[in-house]
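*Asks:* One structure coming up, written as structure tokens, with questions to follow.
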Amino acid sequence: MRFTRRIAIVSLTLSILGFWQATFASPGNHSLLKSEKTPAPWEENACPGGVSQTLRLGGEVNNPTTFDLQKLINLQENLKNQNPAVVTEVTVSFQTGSGPRTETYYGVPLWELINNEISSGGLKAGNSGQNPKNAFLRQYVLAEATDCYEAIVSIGEIQPNFEGKQVLVAFAKKASDGSIQYLTDTDEGFARLVVPGDKAGGRYVSNVRNILVLSGPASPLKPKYFRQP
């Protein structure tokens, strides 16, 4: 009987302690919550915004590298020498928050940036999932701006044997007087993504600072996702 009472007392004590522990972490205890939310040093100023000066290319490419304006200009010239037919100029029309725009941009094709030996060393095989056939069709390119705005373009969109869309990493555009204006002289950063065919400009990421090639996760399909007969 005493043993049973002791168990009951211990249980009650633990319950009270648990209640007070929950109370300490309640929304009313702002000082505790503030200390828990203090970001780690590498997370501070992660999205400062502002004009980009360089972009890092990484992920599933053979030669991750960093580009500044001059390196992009040199790459464009080298690609033209390698293949004079390569597209480095596109004229696009797209809708923005302030109305429609039509621009002519100059730059490097996204496909060549990630899959040419003279730029990134070529596309690296990614996570093939359970079926390795055409594994690159599960890969995508993530473009991130200095303010952490992001958009993706699938490899299937830009691979020449599939859609072959001429997505550009642009570093210049045609000014109103017909001259070529580097984007460093605008608020678009030194490089931006240009996605011909998109009616809205949501994927026209300006101030690009990171371009990553990644693979989609393996299929999550399970019976629980479907209505059972």
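*Asks:* In the range 125-229, if every C-alpha pair distance is counted and binned at 5 Å from zero, what percent goes to each bin?
*Replies:* 2, 11, 16, 17, 16, 13, 10, 6, 4, 2, 1, 1, 0, 0
*Asks:* Quick one: which of 164-174, 52-62 comes out on top by average Cβ neighbours within 10 Å, and what's the full order, highest first?
*Replies:* Descending mean neighbour count gives 164-174, 52-62.
*Asks:* Dimensions of the range 55-215 along principal axes (Cα, Å, largest first)?
*Replies:* Each principal axis gives a Cα extent; for the range 55-215 these are 52, 35, 29 Å.
Read-outs throughout are calculated quantities, based only on the coordinates presented, and are distinct from any laboratory measurement. Computed from a prediction, not measured in an experiment: that's the story for all the values here. Neighbour counts run over all protein chains shown; Cβ positions are idealised from the backbone, glycine included.
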